[in-house]
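Some notes on the structure that comes next.
A short reminder: the numbers here are calculations on the coordinates, not readings from a lab. In this text the structure is predicted, and so the values were computed from the model without any measurement. Neighbour counts are summed over all protein chains in view; Cβ atoms, including those assigned to glycine, are modelled from backbone coordinates with ideal geometry.
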Amino acid sequence: MFLGPRDHIQKEYKCDVCIKAKAHLKLYHTQSDRDYGVGELLHTNLVYAVTPSNRGNKYFLLVKDHASNYRFAYFQRSKEASVTVPSLIDLLIKLKKL
């Protein structure tokens, strides 16, 4: 927490609670400062489809690669990890070919 110049704040506000109430929070460092390579940072989202597809898929896994902005959707019948993990492995193999 950054309180600013101590002498200026203490002249205006007398108690510690008043000083802390007027404090400004420091900014957080974001991950966008780092340069990621292809396949190093993936954004994923497992979504429930309201209407099942013709093949009976109720879910789809959305994946976006941070570096290349490559996006892909994998359709899945269930939400289980045994279905999701092979989809991610398949995507990583495709990203290495880019």
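Results, tabulated for the structure shown:
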item: Scan of segment 54-89 for residues that are surrounded by 13 or more Cβ atoms within 10 Å (Cβ to Cβ) and part of a helix (DSSP H, G or I), ordered by number; result: Val83, Thr84, Ser87, Leu88
item: Condition check for Asp90: of a type in the set (Asp, Glu) and in contact (Cβ under 8 Å) with a residue 24 or more places away in the chain; result: no
